[in-house]
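A.B. asks: To start, I am sharing the structure in question, which I have written as structure tokens.
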Amino acid sequence: MSTTSVGSTDTSSSAQGDSSDGVPPTDVAGPPIDGCADYDAFAAALVDADPASRTDVTAAFVDATMRSEHGFPIRCEGRLIALLWDESEGTVSLTGEFAQWDPSAYPLQPLVDGFALQVADVAVTEPMAGSIYKFVRDGETYFADPWARRYAWDEFGEFSLTDARPEASHHERYLGFAEGIGELQPRTIVVYVPAGELAGDPELAVLYMHDGQNLFAPDAFFGGWQVGAAIDAAIAAGEVAPMLVVGIDNTSDRFDEYTPTLDDLGSGPVGGRADEYADFIALGLKPFIDAQYPTRTGPEATAVLGSSLGGLASLYIAWRYPEVFGFAGSMSGTLDWGQMGADNDRILELYEQQPPVGVWIYLDSGGDGPCPDDTDNYCVNVQMRELLGTLGWNEPEDLEYVHEPNAPHNEAAWAGRLPGFLGAWGEVG
């Protein structure tokens with residue numbers, strides 16, 4: 001069975017996710033889809049399937065549903081269907097605003113006795129768009145649906161959504177995403193969606209970001225970047241127009257994927273798969289996002305941003321695809337890659353040989369000199385700024401450079417500088 005789809009359940013949240021009065025929203029119609037027919041066919045097939053093949057049958061259905069327009073939970077007129085792969089003992093129930101948060105509202109049942117796939121098939125009154133829900137284990141421990149397409153966070157942790165809410169931003173996930181991935185590993189993609197921006201079918205700019213595990217969750221490494229909160233604040237302040245943010249999870253091949261050439265950090269050659277990674281984003285992921293969401297598709301509305309090696313990757317992706325990514329942001333970028341222990345071209349040499357004319361560039365770092373004994377990649381970013389100046393980039397028209405003296409090389413520092421990037425991009429984008 002696919003490990004990206006089935007068999008992974010997070011039950012870390014221990015509190016109810018909402019203190020509302022339990023009245024489902026009624027101002028947005030339910031989705032114009034009917035995934036219930038596919039579910040009913042799957043449920044019947046699972047019962048009839050050979051026991052040895054049930055896991056594969058389930059994985060195929062889960063993967064297909066995750067890639068459908070609506071994803072989980074399954075919605076259709078009069079029904080809400082939530083599925084959970086649960087191999088633990090005890091009871092699990094579905095509850096939410098539509099059940100007044102009754103912890104035993106809708107007990108999950110196995111589709112086949114002795115098989116780990118559990119289901120709650122709930123009769124509901126339409127419309128029920130945007131209702132918050134969670135699972136409850138043994139009547140006490142509340143946790144978000146790990147397969148839910150739409151989700152967000154509050155003071156109780158992650159919560160799941162039956163649909164987008166017009167009054168608040170949310171996130172949408174695609175587990176095991178592999179369109180255009182080539183020989184790279186599949187990964188989770190998470191999309192930040194601003195409040196109310198899908199209902200009117202607007203055209204939104206898109207920011208692509210690396211190291212997706214660190215971007216959105218409040219409990220991410222070093223507190224994460226808090227990207228959703230930062231963009232909510234920037235939109236509210238009028239500093240940027242509503243936009244989508246696509247977070248791309250890294251994998252165990254991060255050093256290879258984020259670097260355009262080989263280098264040696266002391267344990268032998270590593271790196272050099274950035275072409276594959278750039279192709280995946282430009283030719284696989286971006287077309288999927290453009291088809292799934294109402295986006296502005298041109299380079300003038302498409303940016304890529306990352307930190308450390310992710311900063312290097314962003315500059316390289318824009319260099320490889322300047323006709324796709326019109327804006328590139330690098331925070332504390334590891335721009336010496338290629339010559340840290342080897343003698344290969346760095347991103348500086350690539351830009352000098354073939355400047356990606358027309359790409360707006362943001363550079364920053366913390367740390368300080370004197371060079372070359374610097375910290376946080378300070379010196380090479382100063383060098384990159386100077387090179388870009390000789391190549392025709394002018395500040396602030398198409399180049400933004402920021403130095404935060406002595407700032408460390410971590411997520412907290414990059415999160416602190418994110419509003420500055422958003423503001424600078426908002427002015428020119």
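Just so it is clear, none of the values below were taken in a lab; they were calculated from the coordinates. As the structure is a computational prediction, the values presented were derived from the model and not from experiment. Reconstructed Cβ throughout: ideal geometry from the backbone, glycine too, with neighbour counts over all protein chains shown.
A.B. asks: Give the Cα extents of the range 266-324 along the principal axes, in whole Å, largest first.
C.D. replies: Answer, in whole Å and largest first: 46, 18, 17 Å.
A.B. asks: A further question follows. Between S267 and A412, what length in nm is gained on full extension when 0.36 nm per residue of separation is reduced by their alpha carbon distance?
C.D. replies: 49.3 nm
A.B. asks: If one computes the Cα centroid of the range 81-106 and of the range 333-358, what distance in Å separates the two points?
C.D. replies: 53 Å
A.B. asks: Now, a different point. Count charges around F115 for me, please; just the other residues with Cβ under 11 Å from its Cβ, Lys/Arg as +1, Asp/Glu as -1.
C.D. replies: With Lys, Arg at +1 and Asp, Glu at -1, the net is -2.
A.B. asks: Need the full-extension length gain, E77 to A229, defined as separation in residues times 0.36 nm minus the C-alpha distance. One decimal, nm.
C.D. replies: Residue separation times 0.36 nm, minus the Cα-Cα distance, leaves 51.4 nm.
A.B. asks: Once the range 208-319 is represented by equal point scatterers at the alpha-carbon sites, with solvent omitted, what log10 I(q)/I(0) does the Debye formula produce at q = 0.15, 0.17, 0.22 Å⁻¹?
C.D. replies: After summing over all Cα pairs, the log10 values are -0.72, -0.90, -1.31.
A.B. asks: Would you please put 280-287, 384-391 in order of how densely packed they are, using the mean number of other Cβ atoms within 10 angstrom per residue and starting with the highest? Walk me through the numbers before you get to the answer.
C.D. replies: Working: 280-287: 19.2, 384-391: 16.1.
Result, highest mean first: 280-287, 384-391.
A.B. asks: Given axes a ≥ b ≥ c from the Cα gyration tensor, I'd like to know whether the range 72-122 is rounded (a/c under 1.5), prolate (a/b larger than b/c) or oblate.
C.D. replies: Oblate, since a/c reaches 1.5 and b/c is not below a/b.
A.B. asks: Do the sum for the chain: with -39,500 (n - 2.57) for every DSSP H run of n ≥ 4, divided by all residues, what is the mean residue ellipticity at 222 nm, to the nearest 500 deg cm²/dmol?
C.D. replies: Result for the chain, helices only: -7000 deg cm²/dmol.
A.B. asks: Between Q100 and A168, how high is the FRET efficiency from 1/(1 + (r/R0)^6) when r is the Cβ-Cβ distance and R₀ = 22 Å? Nearest 0.05. It would help to have the intermediate numbers written out before the result.
C.D. replies: On the way: r = 20 Å, r/R0 = 0.92.
Approximately 0.60, to the nearest 0.05.
A.B. asks: When the chain is fully extended, how far beyond the present Cα-Cα distance does Q353 get from V112, taking 0.36 nm per residue of separation?
C.D. replies: Numbers: separation 241, 0.36 × 241 = 86.76 nm, distance 6.22 nm.
The span from Q353 to V112 would gain 80.5 nm if fully extended.
A.B. asks: Here's a follow-up. Could you list log10 I(q)/I(0) for the chain at q = 0.06, 0.10, 0.11 Å⁻¹, which the Debye formula gives when each Cα is one point scatterer?
C.D. replies: -0.28, -0.73, -0.86
A.B. asks: Would you work out which of F177, G224, I235 lies farthest towards the positive end of the dipole of the chain? Charges go on Cβ: Lys and Arg +1, Asp and Glu -1.
C.D. replies: F177
A.B. asks: Follow-up question, since we're still on this one. Going by amide H atoms built from the backbone, whose H comes under 5 Å of the H on V245, apart from near neighbours?
C.D. replies: Hits under the 5 Å cutoff: Y192, L207.
A.B. asks: Next up: Does the range 314-429 classify as rounded, prolate or oblate by the C-alpha gyration tensor (a ≥ b ≥ c root eigenvalues; a/c under 1.5 gives rounded; else a/b over b/c gives prolate, otherwise oblate)?
C.D. replies: Because a/c hits 1.5 or more and a/b fails to exceed b/c, the range 314-429 counts as oblate.
A.B. asks: Once you sort the root eigenvalues of the Cα gyration tensor of the range 145-207 as a ≥ b ≥ c, which label holds: rounded (a/c under 1.5), prolate (a/b larger than b/c) or oblate (the other case)?
C.D. replies: It comes out oblate by the Cα gyration axes.
A.B. asks: What size of dipole, in debye to the nearest 20, comes out for the range 170-428 about its Cα centre when the only charges are +1 on Lys and Arg C-beta atoms and -1 on Asp and Glu C-beta atoms?
C.D. replies: 480 debye
A.B. asks: Follow-up. Write down Rg/Rh for the range 36-150, rounded to two decimals, with Rg from the C-alpha atoms and Rh from the Kirkwood relation over Cα pairs.
C.D. replies: 0.95
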